[in-house]
1. Which of the numbered conditions does Arg37 fail, given that it passes all the others? Conditions: (1) under 18 Å from Ala4 (Cα atoms); (2) part of a helix (DSSP H, G or I).
2. Which residues, counting only those in region 49-63, are surrounded by fewer than 18 Cβ atoms within 10 Å (Cβ to Cβ) and within 24 Å of Pro83 (Cβ to Cβ)?
3. Can you name the residue in region 5-62 that is among the small types (Gly, Ala, Ser) and in contact with a Lys or Arg (Cβ under 8 Å, 6 or more places away or on another chain) and is also farthest from Ile95 (Cα to Cα) among such residues?
4. Being surrounded by 15 or more Cβ atoms within 10 Å (Cβ to Cβ), touching a residue at least 12 places away in the same chain (Cβ under 8 Å) and of a type outside the set (Val, Ile, Thr) is the requirement here; does Arg82 meet it?
5. Is it true that Ala46 is surrounded by fewer than 19 Cβ atoms within 10 Å (Cβ to Cβ), in a helix (DSSP H, G or I) and not acidic (Asp, Glu)?
6. From Glu29, Glu47, Glu70, which residue is more than 13 Å from Thr112 (Cβ to Cβ) and modelled with pLDDT under 95?
Amino acid sequence: MTDALPTTASSLLVRGAVHSMTSLTGPGEPELHPLVRAFLDALPPAEREPFAAYCSETALVSDQLWALDEAGAAPATLADARPHFAGAVIVSRKIREQGDPEHGTNAPVCRTCAALLDTLGVEVMAA
């Protein structure tokens, strides 16, 4: 068993490709894309989950933005990135210990990730 449980895994379908990630663990702060970090930092405390920087959803969005940067198509704002995510969908599942009945069940996105995904126009699949 791992100390990293319970956790979440998410898959993002964007531009015909599926990208998957688990919630981030380990020492230090995750290296999120600056646009994602700025979005999280700008949210009022009442709308910001303290763990949101470690969510699989923020990691997947960051990875997409980093890839745009590397391709020379760096967006200046999240609004500029929205066309890249046109038609994108994301699903998240709970990862639990073997035998746990919640393992593999739907994991609702946190309110912070819901706001980020909504800003980008990403549809959250519930099942």
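1. Here Arg37 clears every test but (1).
2. Asp63
3. Among residues in region 5-62 that are among the small types (Gly, Ala, Ser) and in contact with a Lys or Arg (Cβ under 8 Å, 6 or more places away or on another chain), the one farthest from Ile95 (Cα to Cα) is Ala53.
4. Here the answer is yes, as Arg82 does meet what is asked.
5. Yes: the conditions hold for Ala46.
6. After applying the criteria, what remains is Glu29.
For every residue, the table says whether it meets (1) small (Gly, Ala, Ser); (2) modelled with pLDDT of 95 or more.
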| position | (1), (2) |
| --- | --- |
| Thr58 | no, yes |
| Gln64 | no, yes |
| Ala76 | yes, yes |
| Gly87 | yes, yes |
| Glu97 | no, no |
| Glu102 | no, no |
| Asn106 | no, no |
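Matching residues to (1) part of a loop (DSSP other than H, G, I, E, B); (2) in contact (Cβ under 8 Å) with a residue 12 or more places away in the chain; (3) surrounded by fewer than 17 Cβ atoms within 10 Å (Cβ to Cβ):
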position: Ser11; (1), (2), (3): no, yes, yes
position: Lys94; (1), (2), (3): no, yes, no
position: Gln98; (1), (2), (3): yes, no, yes
position: Val109; (1), (2), (3): yes, yes, no
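The values are calculated or read from the model by the stated rules, or taken from the named source; none is laboratory data. Computed from a predicted model, the values in this text were never measured in an experiment. Note: ideal-geometry Cβ built from the backbone for every residue, glycine included; neighbour counts use all protein chains shown.
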